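Trainee: If you scroll down you'll find the structure; I have some questions about it.
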Amino acid sequence: MQERMQECAAVIFIPDDTGRTGLAQPLMMTEVCGSPLLAWTTAALAGGGVKRLFLVCHEQYVEGAKAACPVGMPVEAAESQSAAPAMAAFLKAGGEDEQVLVLTGPALLFPAEQA
């Protein structure tokens, strides 16, 4: 039996990969079984102990990305071009002992119960 991950935060990069995939929106914003891939991923992260999220994406996708995250979970987001200062503040707010998971591209995580 696997243990749940320690409570932590996550930084998720949502690249604008539309030019490469030919899709109308980034792969992480594309619906899979009725919900954006990002919604499945963030729900699995929340189930595994992630308590705060920081999203980095193109400005036109910020609101949709935030809406795909679990209701009630603190979510901060910044446009790719200007994310560094906001991300630094986000990381500092968690304290030096907080663990941070970083996803740099499309990912599908399974709920902890299924791992």
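The values are calculated or read from the model by the stated rules, or taken from the named source; none is laboratory data. These numbers come from a predicted model, not from an experiment. Quick reminder, even Gly has a Cβ in these numbers, built from the backbone with ideal geometry, and neighbours come from all protein chains shown. Please note that ligands, DNA and RNA were not included when accessible areas were found on the heavy atoms of the full protein model with its side chains. Shrake-Rupley method; radii C 1.70, N 1.55, O 1.52, S 1.80 Å.
Trainee: Within the set of other residues whose C-beta is less than 15 Å from the C-beta of residue 23, count the net charge using Lys and Arg as +1 and Asp and Glu as -1.
Mentor: Net charge around residue 23: -2.
Trainee: Rounded to the nearest 0.05, what FRET efficiency do residue 20 and residue 73 give with R0 = 30 Å and r taken as the Cβ-Cβ distance? Could you check?
Mentor: Rounded to the nearest 0.05, the efficiency is 0.55.
Trainee: Normalising by the residue count of the chain, find the relative contact order in percent from Cα pairs under 8 Å and 6+ residues apart.
Mentor: Answer for the chain is 38 percent.
Trainee: At 1.4 Å probe size, with the rest of the protein present, what percent of the exposed accessible area of the chain is carbon and sulfur atoms?
Mentor: The value for the chain is 54 percent carbon and sulfur by accessible area.
Trainee: I'd like to check one number: the per residue accessible area of segment 1-111, probe 1.4 Å, reported in Å² as a whole number.
Mentor: It amounts to 58 Å² per residue over segment 1-111.
Trainee: Here's another thing I want to ask about it. Please grab the % of Cα pairs in the chain that end up more than 20 Å from each other.
Mentor: 38 percent
Trainee: Helix-derived [θ] at 222 nm for the chain: sum -39500 (n - 2.57) over DSSP H runs of at least 4, divide by residue count, nearest 500?
Mentor: -7500 deg cm²/dmol
Trainee: Still on this structure, I have one more. Determine, for each peptide in 18-31, 37-50, the mean count of other beta carbons within 10 angstrom over its residues, then list the peptides with the highest first.
Mentor: 37-50, 18-31
Trainee: Where both residues lie in segment 1-71, what percent of DSSP beta bridges are antiparallel, nearest 5?
Mentor: About 20 percent, rounded to the nearest 5.
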